[in-house]
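Everything below concerns the one structure shown next.
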Amino acid sequence: MNVSDLSSKELSDRLTSGSLFFRTGPFTFSLRTDLPEIIDAFGLLYGDFPVLEPGYADFHACLERLRGVKIWISPHGTFLNGGVPQFYPFPLRTALPYLEWGLNRCVFRNAHNYLMIHAAVVERGGRALILVGTSGSGKSTLCAALVLSGWRLLSDEIALIAPDGSLAGLARPIGLKAESIRTIEEFSPDACLGPRSRGTSKGLVAHMAPPRESVLRVHQRAKPSWIFFVSYQADARVAWTPVSKAKSLMRMADCAFNYTLLGRQGFETLADMVESTRTFDLVYGNLAEAVDLLQGPDLDAQLGTQPNQRERHNARNGPSRRLAQAGEDGGAASERVDLAGEPGSRHASPIPAEPAGN
Amino acid sequence: MSLARVTHLLSRLSLQVTNLGLLDHIPEQVLPHLQAARVLAEAHDRELRWEVNRLERALRGIETPIVLLKGAAYALAGFPTAEGRLYGDLDFLVPKEKLRLVEEALKEHGWVVREESEFREQYTRRWLHELPALVHNQRHTQLDVHHNILPHTDHLRVDAGKLLESALPLRDNPRFSVLAPTDMVLHGAAHMFRSGDFVSGLRNLVDLDDLLQQFGREESFWSDLLGRATALGLRLPCYWGLRYAERFLETPIPHDTKKAIRGWKPFWPPRFAMDWLVERALLPRHIDRTDRTRDLAMLLLSRYPLSLFRRTIVPKLEWLIMRSELK
C-alpha cells in the first residue's frame with residue numbers, strides 16, 4: 001500500500017496519531033504531526049511511497065506546533081527525532097521545508113554505516129552520476145531536470161555510499177530554491193511541485209515529488225561512474241574540465257557529512273570511489289544545454305577522451321587552448337582543458353551547443 | 001533503540017551487545033544502527049585523545065597540575081565506563097590561580113571564547129566554576145576549564161585545593177591526573193544533583209553506577225566515600241547519587257553504607273519532590289512527541305538547589321551597577 005492509496009481522512013488520522021510508517025530506501029520513518037496544513041502537501045510529495053504497518057521504525061520524526069505565550073504572536077514549530085528537537089523553532093509557514101531538512105538530518109546524523117556526502121545522485125543503466133555542489137550551485141536544479149528526463153533519482157541531498165562502494169538511494173523529494181522553481185516548471189510540464197514556502201533560511205523553497213519509477217526502484221543500488229562538481233553561472237555555455245583524482249578526493253571529503261568520523265574506512269571508501277569514476281568540473285548557464293550533454297546515449301564518449309589523450313592536447317595546444325573540438329580525436333566529442341588563470345574564458349568557449357547524438 | 005539514542009547510550013549498548021556475543025539475537029533492521037553507533041563511539045574516542053594531545057602541547061610551558069574530569073578522565077584512565085561512551089566537550093580542572101596563564105596559553109594555540117553576550121561571559125567568569133567555553137577555531141572542539149566543581153552561586157562550598165591535592169597522575173601520561181576515586185564519584189553526583197545536568201541524565205547515572213561498581217570492590221572505598229562526602233560538604237548530592245543509582249540501576253551498595261547515609265536523608269517534602277522529578281527527567285516517556293513533563297522536570301532540577309536570587313538576580317544587579325559605574 002502506498003501513501004496515495006490512503007484517503008485524505010485516513011492519511012490525516014495516521015499522521016496525527018503517529019501511526020504513519022513509511023519507507024524511503026533503507027530507512028523506515030514514523031511520522032507524527034499536529035499541523036493539518038502539511039498533510040495535503042505530504043500526500044502529494046510522498047504519494048508513491050510504501051506505507052508500512054505501525055511497528056519498527058529507524059527514526060521517529062515529529063513535526064509539532066510549539067506551545068507558549070510567545071507563540072500566540074507568531075506561531076512556531078519544531079522538528080523532533082526520537083522526541084529531541086533537531087532545529088531551533090521555526091515559523092510554522094516554513095514547516096514543510098523543515099520536514100524535509102529534518103528527515104535528511106535524521107539520516108546524516110545517524111547512518112554512519114554509510115559514508116555520506118552532500119551530493120545529488122541519479123542513475124541510468126546501473127551507473128550513477130554524482131552531482132556535487134554547494135548551496136546555489138545549481139546542483140538540485142540539474143538533478144531535478146535529469147530526473148525529469150529519464151534518469152532515476154537516488155537522492156537529491158545525501159549520497160549514501162555503502163562500504164562495498166555501491167550507492168544506496170532514498171528517492172525523496174528534491175528541494176528547489178527561488179528561480180530554480182520557475183526554471184524547472186518551464187523545463188518540463190511533468191514536474192510535480194509541492195506548495196511554496198516563503199521566508200525560510202534559504203528564501204523561497206519548493207519541493208518536487210520524485211517520479212513514481214524512482215520510488216519503486218529505490219532498492220536497486222547503483223555503481224558510481226561519474227562525479228561532477230557543478231556550478232551554475234548565468235549565461236555561461238556548458239563546459240566541463242577533468243579534475244584530478246587527488247583534488248576530487250579532497251573536494252568530496254569537504255562535502256562529506258561523516259568523512260572524518262569514519263576514519264580510515266572513510267578514506268578508503270572515498271578513494272576507491274574517486275579512483276573508479278571520471279571526475280569533472282561542470283559549468284552551465286542553460287539547463288537544457290547541460291541536460292543535453294549528460295543525456296546523450298554514450299556519456300563517456302560525449303565527455304571525451306581518455307586522460308592520456310587529454311595530456312596530448314595539453315602538450316600540443318598549450319594550457320590556454322580551451323577546447324579540443326569534436327572529431328579531433330577520431331570521434332571523441334569534445335573536451336575542455338584547464339582554464340585556470342583565464343577569467344571569463346568559459347563564456348567564450350565554443351563548445352557545441354548540440355553534442356553529437358542529439 | 002530510539003530511547004538509547006536519545007539518552008546517548010546507543011554506542012554503549014552496541015558494544016555491550018557485541019561483547020556479550022548477542023549480535024545473533026538482534027533483529028536485522030537494528031544491526032546497521034548498532035554498527036553506526038560503534039563507528040561513532042570510535043570516532044569520539046579518537047577525537048578525545050587527539051584533543052588531550054593538543055591540550056598537552058598547548059600547556060607545555062606552564063607549571064600546573066591538569067586534572068581531567070568526567071568523560072576525559074574515564075577514557076584516559078581506561079575505565080570500563082569509557083567503553084562506548086560519547087563525549088561532548090573536554091573538561092579539566094586547574095588551580096584557580098593558574099586560570100589566567102592557562103587561558104592565555106590556550107588562546108595562543110587557537111582556542112577562542114564563544115559567548116553570545118558580554119553579560120554571559122562576565123557571569124560565567126564571576127559566578128560559575130569554570131571559564132567561558134573555549135572553542136578551537138579550526139577543530140570546533142570545546143574545552144571547559146574548571147577551577148572548582150560547583151558554581152559560586154551554590155551555597156555548598158567545595159575546597160578545590162583538597163581535590164587537586166589527592167588527584168592521581170595517570171600511569172602512562174603523568175602530565176595529566178584524574179580525581180581520586182571518591183572525588184570522582186562525588187563530582188559525578190554533584191554534577192547531576194547540584195548543577196542539575198539531566199540532558200544526558202541517564203548516561204550520567206550509568207557513569208556513576210559503573211564507577212561505584214568498579215571502585216566498590218575495594219572494601220575501604222565505601223567508608224572513604226562517606227568520609228570524603230562529609231569533608232567536602234557534599235553529603236546531600238552523595239545521598240541522591242547513591243539513592244538513584246540503586247533505585248534505577250540496582251547498583252550494589254553495602255548494607256552498612258546504606259545505614260550510614262540514612263541520616264543524610266532530607267526531610268520528606270523535598271525528597272518526594274526529588275523522586276518525582278528525577279524519575280521523569282531520566283527517561284523520556286515518548287519518542288514521537290515533546291515530553292513536556294520531562295522538560296519541566298529538567299528545568300526544575302537545573303534550578304532546584306540554587307535559589308533564583310543567588311543565581312540570577314544578584315549577578316544581574318551586580319552587572320548593571322558595574323556597567324553604570326564604568327560609564
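The values are calculated or read from the model by the stated rules, or taken from the named source; none is laboratory data. Bear in mind that the values here come from a model prediction, so they are computed numbers and not experimental data. Every residue, glycine as well, gets a Cβ built from its backbone with ideal geometry; the counts of neighbours run over all protein chains shown.
Just checking, which of B:ARG228, B:ARG194 is basic (Lys, Arg), modelled with pLDDT of 95 or more and either touching a Ser or Thr at 6+ places or on another chain (Cβ under 9 Å) or buried (at least 19 other Cβ atoms within 10 Å of the Cβ) (or both)?
The match here is B:ARG228.
Every residue in segment A:262-273 that is in contact with a helix residue (DSSP H, G or I) (Cβ under 7 Å, 6 or more places away or on another chain) and surrounded by 20 or more Cβ atoms within 10 Å (Cβ to Cβ), please. Before the answer, list the steps.
First, the residues of segment A:262-273 that are in contact with a helix residue (DSSP H, G or I) (Cβ under 7 Å, 6 or more places away or on another chain): A:262-263, A:266, A:270-271.
Scanning segment A:262-273 gives A:LEU262, A:GLY266, A:LEU270.
Going residue by residue through segment A:150-173, is there one that turns out to be in contact (Cβ under 8 Å) with a residue 40 or more places away in the chain, part of a helix (DSSP H, G or I) and under 27 Å from A:GLN302 (Cβ atoms)?
Among the residues of segment A:150-173, not one is in contact (Cβ under 8 Å) with a residue 40 or more places away in the chain, part of a helix (DSSP H, G or I) and under 27 Å from A:GLN302 (Cβ atoms), which makes the answer no.
Restricting to segment B:168-183, give me the number of residues that are assigned to a loop (DSSP other than H, G, I, E, B) and under 20 Å from the mean Cα position of the chain (by Cα).
Qualifying residue count, segment B:168-183: 3.
Please verify whether segment A:126-148 includes one or more residues that are without any contact (Cβ under 8 Å) to a residue 24 or more places away in the chain and not hydroxyl-bearing (Ser, Thr, Tyr).
No: zero hits.
From B:PHE267, B:PHE221, B:PHE272, grab the single residue that is touching a Pro at 6+ places or on another chain (Cβ under 7 Å) and more than 14 Å from chain A (Cβ to nearest Cβ).
B:PHE221
Conditions tested, residue by residue: (1) surrounded by fewer than 20 Cβ atoms within 10 Å (Cβ to Cβ); (2) free of Cβ contacts under 8 Å to residues at least 12 places away in the same chain.
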{"position": "A:PRO54", "(1), (2)": "yes, no"}
{"position": "A:LEU66", "(1), (2)": "yes, no"}
{"position": "A:LEU80", "(1), (2)": "no, no"}
{"position": "A:TYR88", "(1), (2)": "yes, yes"}
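Might you check whether a residue that is in contact (Cβ under 8 Å) with a residue 40 or more places away in the chain, of a type in the set (Ser, Thr, Tyr), within 14 Å of chain B (Cβ to nearest Cβ) and in contact with a Leu (Cβ under 8 Å, 6 or more places away or on another chain) occurs anywhere in segment A:101-116?
So far as segment A:101-116 goes, yes, one or more of its residues are in contact (Cβ under 8 Å) with a residue 40 or more places away in the chain, of a type in the set (Ser, Thr, Tyr), within 14 Å of chain B (Cβ to nearest Cβ) and in contact with a Leu (Cβ under 8 Å, 6 or more places away or on another chain).
How about segment B:6-61: which of its residues are small (Gly, Ala, Ser) and in contact with a Phe, Trp or Tyr (Cβ under 9 Å, 6 or more places away or on another chain)?
Scanning segment B:6-61 gives B:ALA36, B:ALA58.
Applying the selection to segment A:231-251, what residues are modelled with pLDDT of 95 or more and touching a Leu at 6+ places or on another chain (Cβ under 7 Å)?
Selection gives A:LEU249 alone.
With the requirement that a residue be surrounded by fewer than 14 Cβ atoms within 10 Å (Cβ to Cβ) and either more than 19 Å from B:TYR87 (Cα to Cα) or facing chain A (nearest Cβ under 9 Å) (or both), what does segment B:24-52 give you?
Answer for segment B:24-52, where residues must be surrounded by fewer than 14 Cβ atoms within 10 Å (Cβ to Cβ) and either more than 19 Å from B:TYR87 (Cα to Cα) or facing chain A (nearest Cβ under 9 Å) (or both): B:ASP24, B:HIS25, B:PRO27, B:GLU28, B:ARG46.
Among residues belonging to segment B:271-327 that are over 17 Å from B:ARG194 (Cβ atoms) and among the polar types (S, T, N, Q), point out the one that is modelled with the highest pLDDT.
B:THR293
Do you know which of the residues in segment B:280-295 that are out of contact with any helix residue (DSSP H, G or I) (no Cβ under 8 Å at 6 or more places or on another chain) and over 18 Å from B:MET1 (Cβ atoms) is surrounded by the fewest Cβ atoms within 10 Å (Cβ to Cβ)?
Per the stated criteria, the residue is B:ARG292.
Identify the single condition in (1) touching a residue at least 12 places away in the same chain (Cβ under 8 Å); (2) assigned to a loop (DSSP other than H, G, I, E, B); (3) within 14 Å of chain A (Cβ to nearest Cβ) that B:ARG5 does not satisfy, given that it satisfies every other one.
Among (1) touching a residue at least 12 places away in the same chain (Cβ under 8 Å); (2) assigned to a loop (DSSP other than H, G, I, E, B); (3) within 14 Å of chain A (Cβ to nearest Cβ), B:ARG5 violates only (2).
Mind listing just one residue for me: the one in segment A:222-236 that is in a strand (DSSP E or B) and either without any contact (Cβ under 8 Å) to a residue 60 or more places away in the chain or of a type in the set (S, T, N, Q) (or both) and, of those, surrounded by the most Cβ atoms within 10 Å (Cβ to Cβ)? Even if it seems obvious, please write down each step before you answer.
Step one: filter segment A:222-236 for residues in a strand (DSSP E or B), giving A:222-232.
Right, trim to either without any contact (Cβ under 8 Å) to a residue 60 or more places away in the chain or of a type in the set (S, T, N, Q) (or both) and you get A:225, A:231.
On the way: A:SER225: 19, A:SER231: 17.
Checked segment A:222-236; the qualifying residue surrounded by the most Cβ atoms within 10 Å (Cβ to Cβ) is A:SER225.
Of the numbered conditions (1) in contact with a Gly (Cβ under 7 Å, 6 or more places away or on another chain); (2) at pLDDT below 95; (3) closer than 20 Å to A:VAL215 by Cβ, A:LEU92 satisfies every one except a single condition; which is it?
(3)
Each row is one residue, and each column tells you yes or no for (1) within 14 Å of another protein chain (Cβ to nearest Cβ); (2) assigned to a loop (DSSP other than H, G, I, E, B); (3) closer than 22 Å to B:LYS162 by Cα; (4) without any contact (Cβ under 8 Å) to a residue 40 or more places away in the chain.
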| position | (1), (2), (3), (4) |
| --- | --- |
| B:LEU211 | no, no, yes, no |
| B:LEU226 | no, no, yes, yes |
| B:ARG243 | no, no, no, yes |
| B:ARG280 | yes, no, no, yes |
| B:ASP288 | yes, yes, no, yes |
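Considering only residues that are in a loop (DSSP other than H, G, I, E, B) and surrounded by fewer than 16 Cβ atoms within 10 Å (Cβ to Cβ), which ones fall in segment B:134-167? Give the derivation first.
Within segment B:134-167, the first condition is being in a loop (DSSP other than H, G, I, E, B), and the residues that meet it are B:137-141, B:147-159, B:166-167.
Result: B:ASN137, B:GLN138, B:ARG139, B:HIS140, B:HIS152, B:HIS155, B:ARG157, B:ASP159, B:SER166.
What is the number of the single condition among (1) farther than 25 Å from B:THR7 by Cβ; (2) within 13 Å of chain A (Cβ to nearest Cβ) that B:GLU56 does not meet?
With (1) farther than 25 Å from B:THR7 by Cβ; (2) within 13 Å of chain A (Cβ to nearest Cβ) applied to B:GLU56, the lone miss is (2).
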